[in-house]
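Read through the structure below, which is laid out as structure tokens, and then see the notes.
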Amino acid sequence: MKRIGVIGAGVMGTGVAQNLAAVGLESVLVDVDDATLERARQQIQRGARMSRLLSPAGANGARSPEPNLDLIHYTTDYTELGDVDFVVENITEKWDLKSAIYPRLDAICAPGVVFAANTSAISITRLASLTTRPERVLGMHFMNPVPMKPAVEVIRGWHTSDETVRTAQELLARMGKEGIVVADAPGFVSNRVLMLTVNEAVYLVQDGVAPAADVDRVFKSCFGHPMGPLETADLIGLDTILHSVEVLYESFNDSKYRPCPLLRKMVDAGLYGRKSGQGFYTYS
Ligand code: NAD
């Protein structure tokens, strides 16, 4: 594997491309317009500087060299994915947007290429059914920020082959990550629990039980969690949280996954968390 297609240059796609560059792999990073790609380029430069500062210094005090960011090719042209060896799809958590991409990728990429969906809750089996290669489609649920997180949830769709899982594990090992393989179910393991927790934490704020900072303080000071659920929500993006809770609600038809009205109101108001500068907290 040499050249990886990375679709979507938002929070996750930029992290994946940065991580690939750090281990010497080329990527073709695709998004819908040049302005988004320019923001992505700047985010990747900031991210690479930050990762280097946070990485432990070697015995002689030297830090690891900065990754070669020229390994990332930015484009809005899907046909440039014709020669990639593997695809990681990271576009917005909306079925209508994701579902439009898979038949397109299927037509452009060579038949042996594996498609990995980075999704918070959407069914891998359903995405795979949009292609002629369902055995070569799986989920790779990266954690945020991608370059700093040591493990990834790997999701087997109904038809995903053992060879596809092996190929994905090889790529993850190259990226310095462990893949934890789970079955395809709405929200997988991580988000079936996390999204419900975050949604319930928003209800606590809505109901006036405690302000956001105190909800988070209970988790950090009492349970020793490094971040509270609302800080986590701001990091993930409140829009992504809302879309994920909606997918869980639709998938299970269970009212326990109903999105909190305050969450929906904040998203309608453009309060997406860190990426928009305002969520439960304010970011400069
Ligand atoms: P984001 O909103 O930051 O970025 C999504 C990007 O997709 C945007 O830049 C958008 O322009 C682009 N896009 C939309 N339609 C496209 C198309 N047709 N072709 C190419 N690009 C397109 O979202 P994100 O947080 O990066 O999330 C991406 C995926 O990763 C989602 O499915 C999300 O559920 C999942 N995820 C997110 C997190 C997180 O912490 N944010 C963690 C794990 C997984």
**Message:** Under 8 Å for C-alpha pairs, at least 6 residues apart: give me the relative contact order for the range 192-268, rounded to a whole percent.
**Reply:** 33
**Item:** Inter-label distance, nm, simple model (7 Å from Cα along the C-beta direction), W158/L235
**Value:** 3.5
**Item:** Sulfur and carbon atoms: percent of accessible area, the range 3-183 [1.4 Å]
**Value:** 52
**Request:** Could you tally the net charge around D34, taking each other residue with its Cβ under 13 Å from the Cβ of D34, Lys/Arg +1 and Asp/Glu -1?
**Result:** -2
**Complete:** Quick calc: nm separation of the 7 Å Cα→Cβ label points for E66 and S129 -> 4.8
**Request:** Could you please put L71, L37 in sequence from largest to smallest accessible area, using a 1.4 Å probe?
**Result:** L71, L37
**Prompt:** Tell me, what % of the accessible area of the range 192-268 is carbon and sulfur with a 1.4 angstrom probe?
**Reply:** 55
**Asked** Hey, with R₀ at 45 Å, roughly what FRET efficiency would K2 and T197 work out to, going by the Cβ-Cβ distance, to 0.05?
**Response** 0.70
**For V88, residues with placed amide H under 5 Å, excluding near neighbours** = G5, V6, I7, A116
**Fill in**
the chain: Kirkwood hydrodynamic radius (Cα pairs, Å) comes out at 19.5
**Request:** Find how much the distance from S221 to W95 grows on full extension, using 0.36 nm per residue of separation minus their present alpha carbon separation; answer in nm with one decimal.
**Result:** 41.6 nm
**Fill in**
Residue-normalised value, i.e. accessible area per residue, for the chain at 1.4 Å probe, in Å², stands at 47
**Complete:** Per the helix-only model, the chain has a calculated mean residue ellipticity at 222 nm (DSSP H runs of ≥4, -39500 (n - 2.57) each, divided over all residues, rounded to the nearest 500) of -13000 deg cm²/dmol
**Asked** What fraction of the Cα pairs in the range 113-266, stated in percent, has a spacing above 19 angstrom?
**Response** 57
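Please report the net charge: other residues with Cβ closer than 9 Å to the Cβ of F280, K and R +1, D and E -1.
Neighbour charge sum, excluding F280 itself: -3.
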**Message:** For a quick check of your reading of the filter: which chymotrypsin sites (Phe, Trp or Tyr not before Pro) in the range 129-198 sit in a DSSP loop and have no more than 15 other Cβ atoms within 10 Å?
**Reply:** W158
**Fill in**
Total charge of the residues flanking Y203 in space, meaning their Cβ is under 14 Å from its Cβ, with Lys and Arg +1 and Asp and Glu -1, is +2
**Fill in**
Nearest-0.05 FRET efficiency for S55 and I180 at R0 = 30 Å, using Cβ-Cβ distance, is 0.80
**Request:** Rank these by accessible area, largest first, 1.4 Å probe: Y257, Y283.
**Result:** Y283, Y257
**Complete:** Rounded to the nearest 10 Å², the accessible area of M12 using a 1.4 Å probe with every protein chain kept is 40
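The values are calculated or read from the model by the stated rules, or taken from the named source; none is laboratory data. All values derive from a computational prediction rather than experimental measurement. Virtual Cβ from ideal backbone geometry, glycine too; neighbours counted across all protein chains shown. Calculation scope for accessible area: heavy atoms of the full protein, side chains included, ligands and nucleic acids excluded. Shrake-Rupley method; radii C 1.70, N 1.55, O 1.52, S 1.80 Å.
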